[in-house]
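Data block below; observations after.
The values are calculated or read from the model by the stated rules, or taken from the named source; none is laboratory data. Source: prediction; values computed, not measured. With ideal geometry, Cβ positions are generated from the backbone for all residues, glycine too; neighbour counts draw on all protein chains shown. These area figures cover heavy atoms from the full protein model, side chains too; ligands, DNA and RNA do not enter into them. Shrake-Rupley method; radii C 1.70, N 1.55, O 1.52, S 1.80 Å.
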Amino acid sequence: MKRIFFALLFLCAFSSPAFCQSNTAVSQGAVAKLKSFYSGRIIEKAYLHFDRPNYLAGDTIYFKAYVTYGEQHELSSQSGVLDVDLLDPQNNFLRSIKLPLKGGITYGDFALPGSMPAGYYKIRAYTQLIKDAGITDFFEQTISVGSSTGNSILAYKPVQNTSKPEIQFFPEGGTLVNGVNSKVAFKAINVDGLGINVKGNIVDNAGKTVAGFTAKHRGMGFFYLQPEDGKTYKANVIFADGTQTVIDLPPADIKGVALTVNNDDPDKLSVLISCNKAYYDENQNKQVSLVINSGIAVSSGRIKLTNQLLAVDLKKSQFRTGVVQLTLFSPLDEPVAERLVFVNRPDLLQLNVSTNKTSFNPREKVSVSITAKNKADSLVAGHFSVSVIDETKVLDEDKENTILSSLLLNSDLKGYIEQPNYYFAHPDTATAANLDVLMLAQGYRRFAWKQLLADKYPPFTEKPENGLQIAGLVTNATGGPIAKDKINLIALDGGPMLNQLTDSAGKFDFTGLDFADGARFILKESGAKNKNTTRIIYNSNNPSGIAKTDWPYGQAGLDSNSIKRPSINGSELKVAEAGTIGKEYDRSHNPQPASNADQVLHNKDLGDGVLTDKLAVLLQDVQYINGNFYLRANITGTLLHPEAMLMLVIVDGVKGVNLDGLQTTDVETVEVLKNVNASTYGADGSGGVLVITTKQGKGIEPKNIASTGVLPIAPKGFYIAREFYSPKYDQANLTNNRPDLRSTIFWKPELVTDKDGKASFEYYNADGKGSYRIVVEGIDEKGNIGRQVYRYKVE
């Protein structure tokens, strides 16, 4: 066997001149096209860090979003909008929010109704660029939601997708070759889509046993097989549940070459190119090409077939941690074998987390310090997110999807990855071996070589979405487009008026806008000749391209007679609502979920009549005096205490709304917050808080909405994220008998380390005793990612 040693350089170099030719067909063809593929595309990845891995109905899901550019994980400055969808177990949309991206970072939340059925829900995140790349590039996380009444927690798992256990076989490099000893990986799954233990043997067509196999991890494993000319092979399979089956193995190539990679050495990848005699006799002294793709870094080298076995060593120091793709091309520059490997390098951020003590009491204050260093041991500035959870109330951490497993692994493999964090939380020899089998069984690429070489990938023409958009069309009475017609965009809540001339097709497009969800606008045609007959068509496209559904869990419908519509010159105008995916099921902007309110009234509890009259009777520990609400604790008899404060009234997230004229039929829920529950509103909530959520319409299906001359619209705006509520237990609150059963103890979506790599924060423990877990994740300014877990005891 001839061994070739060379260092991988990110242009094209083998160390020996005998194995590095000048510009060859492959470098001009495959490598050039691959480089063009990457250079002509803006590739973004999204990752969401959640405050915890599982939830109960009535909880709020908090998350921090990181959007990175390319395969180098640098925070992206390309996109300015992130769409995040919540889907039910049947993949119907429940809600979609838009979040403003600033330097690749944003954060948001979903409040779950207490009546939400237990099940496996999904959260999906994407930019317009990610959407254009295809649904396989979306970030998607399965979230288990347990019943709030039973306080049960579900273990998440993929949707049932088979009627019986199944097994697949994956020869290393892609194909078996007669006369060449090859590694064959396999993966067995049960009817629930999860890995299942399996064992069996391989027999040839004469019935002779030539190999045996047993699953090592999550239904995966491997065996070696050297096919012989004229023979075929079958696998006799026995699944863990006793089910048996016989599977034909893929046929072996009569004349072929195989590519194998040994990833055991921490410093190098050992690549072996193996030709059977038939292939070698035909191609002796001809040159094959090895193309190495590590993200957007591409290199290649030509190797002369002077032996049936050729070994090549690649230095791992030339790679960053992540998936590396090696492709072997024939002398005719056709891809004949391919292997994906995971290279693990000491290049992740080192995050040091420390607390002022190692053991604490319930409700005791905890002070945390963080120091971030890069691989060169230099202190670095970066963006991080922090969650602290009561570990007794969450699932096995191996099942979590982390910033490491998402950006380094999940985004480059296909299919459901069971226990993704296992491959990073347990860095040992056995884990590395199991990860290598995973690479064989679930390899994925953004492109296919044959399509790439045949120029079947269309040019990338999409542009990043740098802000919100309001677009449409202007036509005459018969539907013909009107070019160079002036369209004004007027914000009803104030702000500058924008205007634009339609293009030759009558289209207008206001881009790069920044406004909150719920903002309303008027599109007004101001051309002197056409104002009485011009039709304005607003394009309220559903951004996800999937029909929306109504929130099905106790949400009341809209009484159209209760809508207060804007008017111009006394004429009522129909308001066109944008293509919101799913109805806003929580518009109160109450940082506390309804299950934590001191009292909740639903529409059915209110009856019919004037809202204030009904509340004066139904609210507990609240009194209505002279048109205002006060907590009874501030009242003696019929007299107010001298320093009594009004209750803060919030209607659909707006403070200080006058309730005069509001009918009970307009209202969906009323929540009363007192004391600790009201403290999240600061001094404004000192007198208690009354949170009222009105009914909303079922919306309209995404479609074009037209009007003559003037068109009011309510486009989808940016969601305003809630602030996580973290109680402060000073001396006055330590004796509070209200139980504190939080699962998420603390959540801070944006924690920035300074130039010295340092940051700190503090919070108070809950009542739960046991192990508390601090998780810090983030990215520095150069795209280095890191994650650290720290635990302490509460006794």
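Observations, loosely collected:
- At R0 = 56 Å, FRET efficiency that the Cβ-Cβ distance of Leu194 and Ala471 yields, to 0.05: 0.80
- Largest accessible area first, the listed residues Tyr233, Tyr224 line up as Tyr224, Tyr233 when surface is computed with a 1.4 Å probe on the assembled protein chains.
- Sulfur and carbon atoms: percent of accessible area, segment 743-795 [1.4 Å]: 45 percent
- Segment 733-785: GluC sites (Glu not before Pro) falling in loop per DSSP and having at most 10 other Cβ within 10 Å: none
- Between Tyr224 and Asp493, the modelled labels are 6.8 nm apart [label points 7 Å from Cα along Cα→Cβ].
- If you sort the three axes of the alpha carbon gyration tensor as a ≥ b ≥ c, you get a/c of 1.5 or more for segment 220-363 and a/b no higher than b/c, which makes it oblate.
- Taking amide H as placed 1.01 Å from N in the peptide plane, the amide H of Leu101 sits under 5 Å from that of Val81, Leu82, each at least 5 places away or on another chain.
- Relative contact order [Cα under 8 Å, 6+ residues apart], segment 473-532, whole percent: 39 percent
- Among the listed pairs Lys187/Lys414; Lys277/Lys304; Lys255/Lys304; Lys164/Lys208; Lys98/Lys755; Lys315/Lys450, those with a Cα-Cα distance over 20 Å are Lys164/Lys208; Lys98/Lys755; Lys315/Lys450.
- Trypsin sites (Lys or Arg not before Pro) within segment 746-795, DSSP loop, no more than 16 other Cβ atoms inside 10 Å: Lys755, Lys769, Lys782
- Each listed q (0.14, 0.15, 0.16, 0.20 Å⁻¹) maps to a log10 I(q)/I(0) for segment 286-403, found by the Debye formula over equal Cα scatterers with no solvent: -0.82, -0.88, -0.95, -1.20.
- Ordered by 1.4 Å accessible area with all protein chains kept, Thr355, Thr429 run largest first as Thr429, Thr355.
- For segment 65-136 versus segment 369-435, the inter-centroid distance based on Cα atoms is 19 Å.
- Ranked from largest to smallest solvent-accessible area, with a 1.4 Å probe on the protein heavy atoms, Ile490, Ile97 come out as Ile490, Ile97.
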